[in-house]
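The structure appears below as structure tokens.
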Amino acid sequence: MIKFYAARVLGEVIDRAIQVHGARGLTDETPLAAMYTAARAARIYDGPDEVHRMVVSRRILKAFESGDGWRFE
């Protein structure tokens, strides 16, 4: 669960930093453009968020089906 949540938050943080810096945030004068590219690519090469959500959902449903339940800690 943390994989797709943390990746999304990272993207939002970098996007906000680019917004604060304006057009300069997209140039080579700051590391933000490279950071955004790397963060966005990481969300794809490890598998799309939708696939990770499906895997987590299946595990939760199997746990409930077997009577184990699911603890959110």
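The values are calculated or read from the model by the stated rules, or taken from the named source; none is laboratory data. In this text, all values refer to a predicted model and were calculated from it rather than measured experimentally. Neighbour counts are summed over all protein chains in view; Cβ atoms, including those assigned to glycine, are modelled from backbone coordinates with ideal geometry. Keep in mind that these areas ignore ligands, DNA and RNA; they rest on the heavy atoms of the full protein, side chains included. Shrake-Rupley method; radii C 1.70, N 1.55, O 1.52, S 1.80 Å.
Descriptive notes on the structure:
- Axis angle, to the nearest 10 degrees, between helix 2-21 and the longest C-alpha principal axis of the chain: 20 degrees.
- Applying the criteria of a DSSP loop state and at most 11 other Cβ atoms within 10 Å to the GluC sites (Glu not before Pro) of region 1-57 yields Glu29.
- Cleavage-rule hits (chymotrypsin sites (Phe, Trp or Tyr not before Pro)) in region 8-73: DSSP loop, at most 12 neighbouring Cβ within 10 angstrom: Trp70, Phe72
- Loop-located trypsin sites (Lys or Arg not before Pro) in the chain whose Cβ has at most 15 other Cβ within 10 Å (DSSP): Arg71
- Accessible solvent surface per residue of the chain, calculated while the other protein chains remain in place, 1.4 angstrom probe, Å²: 80
- Max mean-square fluctuation residue, GNM over the chain, Cα-Cα springs under 10 Å, options Ala23, Ala42, Ala34: Ala23
- Cα pair count fraction exceeding 16 Å, expressed as % - the chain: 59
- Between helix 32-45 and the chain: long-axis angle, C-alpha atoms, 0 to 90°, nearest 10: 30
- Compared with the dominant principal axis of the Cα atoms in the chain, helix 49-65 is inclined by about 20°.
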